[in-house]
Amino acid sequence: MAATGLRFRPGAIFFSGAQAAAHPRTRTPHHHCSPQRMHDERGRCRLTAKSANGRPQISASFRDVAIDGAPSEDGAPEQGGSTVSITVVGASGDLAKKKIFPALFALYYEDCLPEHFTVFGYARSKMSDEELRNMISLTLTCRIDQRENCSDKMEQFLKRCFYQSGQYNSEEGFSELDRKLKEKETIVVEHTNLYEQMQNGYDCEAHANTFHQAGKVQNRLFYLSIPPNIFVDVVRSASRTASSQDGWTRFIVEKPFGRDSESSGELTRNLKKYLAEEQIFRIDHYLGKELVENLSVLRFSNLVFEPLWSRNYIRNVQLIFSEDFGTEGRGGYFDNYGIIRDIMQNHLLQILALFAMETPVSLDAEDIRNEKVKVLRSMRQLRLEDVVVGQYKGHSKGGKTYPAYVDDPTVPSGSITPTFAAAALFIDNARWDGVPFLMKAGKALHTRRAEIRVQFRRVPGNLYGRRSRSVRGGGTTATELEKATNELVLRVQPDEAIYLKINSKVPGLGMRLDSSDLNLLYSERYPAEIPDAYERLLLDAIEGERRLFIRSDELDAAWAIFTPVLADLEANKVAPELYPYGSRGPVGAHYLAANHNVRWGDITS
């Protein structure tokens with residue numbers, strides 16, 4: 001049986017412990033690692049793996065041994081620790097090609113994958129290992145800091161990628177996958193004194209098939225990049241025939257997690273027939289975005305913000321998501337869910353829960369998720385009068401014609417599925433009582449944007465608010481400025497930034513006031529490229545870090561908020577308000593905000 005995880009470099013030099021100390025390899029901690037991730041004295045990522053029940057299983061450093069067979073720091077090739085096999089189910093799909101495989105390569109490029117790892121693709125398409133590698137190579141880039149040796153790293157990564165064809169409901173297909181996985185994880189050592197023989201000039205290249213990853217715990221991660229209607233089939237087949245026998249087995253599940261409370265609950269119950277809750281990693285990639293991660297840091301590590309984070313000082317909170325393109329061939333999928341299920345019930349609601357939660361006991365995943373669940377359970381159910389829905393129509397601008405949603409050939413004729421929605425939500429607890437949380441999400445709007453806007457209350461007894469006459473020097477009057485209260489904005493995408501709008505005096509003899517920004521632009525302050533959200537979430541899943549994944553009771557609480565209004569919209573066949581492609585959305589969204597004495601912050605920004 002051929003060894004697959006190691007490649008011995010001709011002429012490699014193996015140092016003794018003393019020699020290794022004289023030839024240190026220095027590395028700085030990786031710029032993309034979260035504050036919770038530990039590094040050793042040499043700057044290497046530390047892996048703290050957990051078993052399926054969440055208890056610590058093993059602690060090991062990432063990539064102590066180079067892929068080409070170079071030794072670890074103590075001079076001898078390591079043979080302890082664990083292997084990680086990552087299987088992408090649905091490997092031929094767009095998500096796998098555009099996001100998952102590139103994210104795995106980025107982690108490998110940054111030396112943040114465990115040393116002993118293997119990547120498998122699984123799908124119905126007939127494909128060889130080499131064809132998979134060719135497909136993957138088209139989407140891999142050397143974008144990370146444009147550093148050296150990218151082509152070499154890419155070649156090394158691709159050699160760890162393999163393919164297995166099979167049906168998603170076929171235990172035979174997953175049994176064959178299990179057999180191939182075991183080939184890469186086999187515990188065989190025919191030469192017990194390997195290190196000594198290599199020092200004496202043993203021809204490792206000629207006898208590579210005799211060396212395997214010895215003494216490894218075999219861990220397996222399955223990424224379900226497939227439609228939700230076959231989640232259960234895959235989990236049943238894979239869990240029965242391709243689970244690890246002595247390590248952990250985890251499944252990453254992509255949204256949507258059902259269409260309402262009933263279907264979501266049924267999906268959870270069916271998954272739990274074969275998996276423990278601790279094995280299910282429900283992924284929402286927005287939780288892996290840098291600015292969403294920074295939300296809690298901004299609040300809990302800065303004294304200036306935490307005292308203001310309540311109804312006493314905050315007038316309203318806005319969560320805004322917009323795309324400047326339509327469904328573009330994805331209408332068949334989108335029409336079954338609509339913008340509320342696709343964006344608001346998961347991405348925006350998860351951000352809201354992180355924003356509004358109480359201070360957790362610790363940064364432990366369960367402590368954070370407990371606080372998020374409390375927020376969700378405190379929220380009122382949405383009513384029809386709290387929601388505005390819209391759908392984009394065709395529009396001509398600048399000599400170019402933009403299609404309507406129903407012009408998409410994959411969309412059913414006469415569809416009334418919303419491509420835009422705005423909603424006013426409320427949290428009935430002591431901290432947020434009476435504060436409107438406004439959500440807005442839409443496709444085919446005037447810009448691409450995702451941001452959180454926090455509008456603070458007006459200054460009580462504001463001296464400058466009393467000046468009703470026009471001020472000397474022209475420009476903004478104090479009365480007008482009074483309407484523009486302080487505002488904290490976290491721009492999630494694009495061009496990540498945090499800025500605070502403040503009122504200040506314009507230099508000069510007159511009393512002319514102005515609204516200015518105190519800003520942190522990530523591209524200027526942090527020139528290193530920000531990792532993709534999938535990189536962080538994949539690494540967290542390998543480590544067993546669950547704080548950015550959704551727990552089943554959290555999912556239940558989220559659906560309880562939206563299910564009633566979704567049922568009313570569909571039962572009453574509420575027709576969406578039409579808005580032109582490329583506009584700011586339906587007028588009804590502005591009336592909804594005005595009903596709560598709020599003006600959308602993105603209108604004037």
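The values are calculated or read from the model by the stated rules, or taken from the named source; none is laboratory data. All values derive from a computational prediction rather than experimental measurement. Glycine also receives a Cβ, built like all others from the backbone with ideal geometry; neighbour counts cover every protein chain displayed. For accessibility, only protein heavy atoms count, side chains too; no ligands or nucleic acids. Shrake-Rupley method; radii C 1.70, N 1.55, O 1.52, S 1.80 Å.
Of the strands (runs of 3 or more DSSP E) lying entirely inside the stretch 380-495, those containing at least 1 residues that are at pLDDT below 95 and open to solvent by 10 Å² or more (accessible area, probe 1.4 Å) span 387-393, 395-397, 400-402, 449-456, 487-493. Just to be sure before I move on: is L138 in the same structural domain as S175 (by the TED database), in contact (Cβ under 8 Å) with a residue 40 or more places away in the chain and under 20 Å from the mean Cα position of the chain (by Cα) in the structure I sent? The answer is no for L138. Collect the residues in the stretch 344-379 that are among the β-branched types (V, I, T) and open to solvent by less than 10 Å² (accessible area, probe 1.4 Å), keeping them in residue-number order. I351, V373, V375 - these are the residues of the stretch 344-379 that are among the β-branched types (V, I, T) and open to solvent by less than 10 Å² (accessible area, probe 1.4 Å). Taking the criterion of being part of a loop (DSSP other than H, G, I, E, B) and of a type in the set (S, T, Y), the residues of the stretch 293-335 that qualify are S301, S310, Y313, T327. Quick check, is A528 open to solvent by less than 50 Å² (accessible area, probe 1.4 Å) and assigned to a helix (DSSP H, G or I)? For A528, the condition - open to solvent by less than 50 Å² (accessible area, probe 1.4 Å) and assigned to a helix (DSSP H, G or I) - is not met.
Is one or more of the residues making up the stretch 45-64 closer than 27 Å to N294 by Cα, at pLDDT 50 or above and open to solvent by less than 30 Å² (accessible area, probe 1.4 Å)? There is at least one residue in the stretch 45-64 that is closer than 27 Å to N294 by Cα, at pLDDT 50 or above and open to solvent by less than 30 Å² (accessible area, probe 1.4 Å). With respect to being closer than 21 Å to R380 by Cα and either assigned to a helix (DSSP H, G or I) or not assigned by the TED database to the domain that holds Y109 (or both), I542 falls outside the description.
Given the conditions (1) open to solvent by less than 70 Å² (accessible area, probe 1.4 Å); (2) among the hydrophobic types (A, V, I, L, M, F, W, C); (3) more than 30 Å from K99 (Cα to Cα); (4) at pLDDT 80 or above, report the number of the one that I498 does not fulfil. Among (1) open to solvent by less than 70 Å² (accessible area, probe 1.4 Å); (2) among the hydrophobic types (A, V, I, L, M, F, W, C); (3) more than 30 Å from K99 (Cα to Cα); (4) at pLDDT 80 or above, the lone unmet condition for I498 is (3). Look at the stretch 386-406: where a residue is free of Cβ contacts under 8 Å to residues at least 40 places away in the same chain and a partner is surrounded by fewer than 18 Cβ atoms within 10 Å (Cβ to Cβ) and outside any strand (DSSP E or B), sitting 6+ places away or on another chain with Cβ atoms under 8 Å, you get T401/G394; V406/S413; V406/G414; V406/S415. Suppose the filter is within 18 Å of I416 (Cα to Cα) and open to solvent by 40 Å² or more (accessible area, probe 1.4 Å); does D568 pass it? When the stated conditions are applied, D568 passes them.
Being of a type in the set (F, W, Y), in contact with a Ser or Thr (Cβ under 8 Å, 6 or more places away or on another chain), assigned to a loop (DSSP other than H, G, I, E, B) and crowded, with 22+ Cβ neighbours inside 10 Å holds for only one residue in F222, F257, and it is F257.
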